[in-house]
Amino acid sequence: MTDAQTTLSQTNSTPWPNRPFHRQYLMRQANNLFDFFQAPSLNPKGGFFELNDDGTPIDAANSTRQIHGTARMVHCFAIGSLIGRPGSDEIVDHGMRYLWEKHRDQRHGGYVWSLDDNRPKDASKQAYGHAFVMLAASSAKLLGHPLADGMLADVTEVIERRFWDDKVGAVREEFANDWSGGTRYRGQNSNMHLTEALMAAFEATGDKAYLTKAERIAELVIAKHAVPLGHRVAEHFDENWVLDKNYQGSEMFRPSGATPGHWLEWSRLLYQLWVLGEKRLSWMTGAARELFHQSIELGWDQTHGAFFYTLDWDNKPIMREKLWWPVSEAIGAAAFLSAYDTTHDYFQIWYRKLWDYAENHVIDHARGGWLSELKEDLTPTSRLFVGKPDIYHALQACLIPLYPATGSLTKAIIEADHTIRHYI
């Protein structure tokens, strides 16, 4: 912490999320994201386009639709509907129908990874994708969408029967289209996002079986593995959940080493899980704070700013690119943690610093959206990501600070709306 930041915290300690101007700023940024993604993303042939930096579709003639992109659009525009963004319900319905009618495999069950205009392009069944289908269905259920109950029941059954390994308390990673040939690889990323989805499903249904699964995943990934590693989240394991430090995978979805952005995601998810679990599992809050702290100490570039994408096990950067989603997750985590850790200003100081960085380097004020990738020196690049992949991370960064830290954003919005209605 710099002297200037210390002085700032002592003389001007009102948290930004409590200030009217900052709250207006956050909602304006959220609305700008909706403006950028809403109309241009809608693919009339079904699903959604991925967008270039200028907001035009990438490969509009025959675009590939990956399941997590479709599901994230449903989730985000369900949020849009809950806060009153016009046009959101049409986006939710468009995405839900594509998930149910195209991604869902009516022959073998489950949901295929990607499609083009005519047929499945990658027909594998992946836990990561199914986690986002659960999230989309849970969010759509809060709106009363007619497909939500059936989809949530269906994806819950598929996860339970095909992916869930009850002996370890986590999911298997991937299968072929007909559920043959399951890979030996186990990954924390799919389990992390399933934790997010399980909490959303619990809030949408009240079924504690979802919450129990989320707690078991957290215990495996964080308590058993990350805590002994100095609160560094390990990404890659074998089928026995033995850490594979030498794993070399996809730079985008399974990069080698450790990913500080995921430490930040887990930081918020642990606090959220602690709250939903009626604050029984006290280890979660300390682990959450340490995960955030380690992401700053080890992952933040002290020279240029921002988080390195990946680190090796000696805490040295492997991939030095700065992506949009770690800072988005850091903002949400800082807001959530500061709601509970009020003994000092550490999380609020970082909340402000993170928004300074996003405003000055990541938000594309000229064209809209958030720049997906910067070089180490913070100049734009597109080595890993082309265009602006999705609205999901940035939107939640804008809206999480606006609502009470009582659980998922969707449920917090509904609860806040009920409070306003009662007050009126």
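The values are calculated or read from the model by the stated rules, or taken from the named source; none is laboratory data. As the structure is a prediction and not an experimental result, all values here were calculated from the model. Every residue, glycine as well, gets a Cβ built from its backbone with ideal geometry; the counts of neighbours run over all protein chains shown.
Key figures
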{"read-out": "Filter pass, Trp350 being of a type in the set (Phe, Trp, Tyr) and in contact with a Phe, Trp or Tyr (Cβ under 7 Å, 6 or more places away or on another chain)", "value": "no"}
{"read-out": "Residue list for the stretch 31-57, restricted to those being under 20 Å from the mean Cα position of the chain (by Cα) and outside any loop (DSSP other than H, G, I, E, B)", "value": "Asn31, Asn32, Leu33, Phe34, Phe36, Phe37, Gln38, Ser41, Phe48, Leu51"}
{"read-out": "Count of the stretch 362-397 residues which are of a type in the set (Ser, Thr, Tyr) and surrounded by 24 or more Cβ atoms within 10 Å (Cβ to Cβ)", "value": "1"}
{"read-out": "Residue in the stretch 166-186 that is surrounded by the fewest Cβ atoms within 10 Å (Cβ to Cβ), counting only those that are in contact with a strand residue (DSSP E or B) (Cβ under 7 Å, 6 or more places away or on another chain) and free of Cβ contacts under 8 Å to residues at least 40 places away in the same chain", "value": "Gly181"}
{"read-out": "Which listed residue, of Glu321, Glu297, Glu359, Glu329, is surrounded by fewer than 18 Cβ atoms within 10 Å (Cβ to Cβ) and farther than 21 Å from Arg19 by Cβ", "value": "Glu297"}
{"read-out": "Scope the stretch 101-136; condition under 22 Å from Asn62 (Cβ atoms) and either of a type in the set (Asp, Glu) or part of a helix (DSSP H, G or I) (or both); matching residues", "value": "Glu101, Lys102, His103, Asp105, Asp116, Asp117, Asp122, Gly129"}
{"read-out": "Candidate set: the stretch 364-404, residues that are in contact with a helix residue (DSSP H, G or I) (Cβ under 7 Å, 6 or more places away or on another chain) and of a type in the set (Val, Ile, Thr); chosen: the one farthest from Phe36 (Cα to Cα)", "value": "Ile400"}
{"read-out": "Residue within the stretch 69-92 that is assigned to a helix (DSSP H, G or I), among the charged types (D, E, K, R) and touching a Leu at 6+ places or on another chain (Cβ under 6 Å) present", "value": "no"}
{"read-out": "In the stretch 325-354, the residues that are more than 17 Å from Asp301 (Cβ to Cβ), in a helix (DSSP H, G or I) and more than 18 Å from the chain's Cα centre (by Cα)", "value": "Ser338, Tyr346, Phe347, Gln348, Ile349, Arg352"}
{"read-out": "Odd one out for Ala61, checked against (1) more than 12 Å from His94 (Cα to Cα); (2) over 21 Å from the mean Cα position of the chain (by Cα); (3) touching a residue at least 12 places away in the same chain (Cβ under 8 Å)", "value": "(3)"}
{"read-out": "Meets criteria (aliphatic (A, V, I, L, M), modelled with pLDDT under 95 and assigned to a helix (DSSP H, G or I)) for Ala60", "value": "no"}
{"read-out": "Set Gly230, Gly249: member being in a loop (DSSP other than H, G, I, E, B), at pLDDT 95 or above and not aliphatic (A, V, I, L, M)", "value": "Gly230"}
{"read-out": "Members of the stretch 145-155 found to be within 12 Å of Thr205 (Cα to Cα) and not charged (D, E, K, R), listed by number", "value": "Ala148, Leu152, Ala153"}
{"read-out": "Search result, residues across the stretch 273-294 that are closer than 19 Å to Ala197 by Cα and buried (at least 24 other Cβ atoms within 10 Å of the Cβ)", "value": "Leu273, Met284, Ala288"}
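Table: residues versus (1) surrounded by fewer than 17 Cβ atoms within 10 Å (Cβ to Cβ); (2) within 20 Å of the chain's Cα centre (by Cα); (3) within 25 Å of Gly277 (Cα to Cα).
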position: His130; (1), (2), (3): no, yes, yes
position: Leu143; (1), (2), (3): no, no, yes
position: Thr156; (1), (2), (3): no, yes, yes
position: Ser190; (1), (2), (3): no, yes, yes
position: Lys208; (1), (2), (3): yes, no, yes
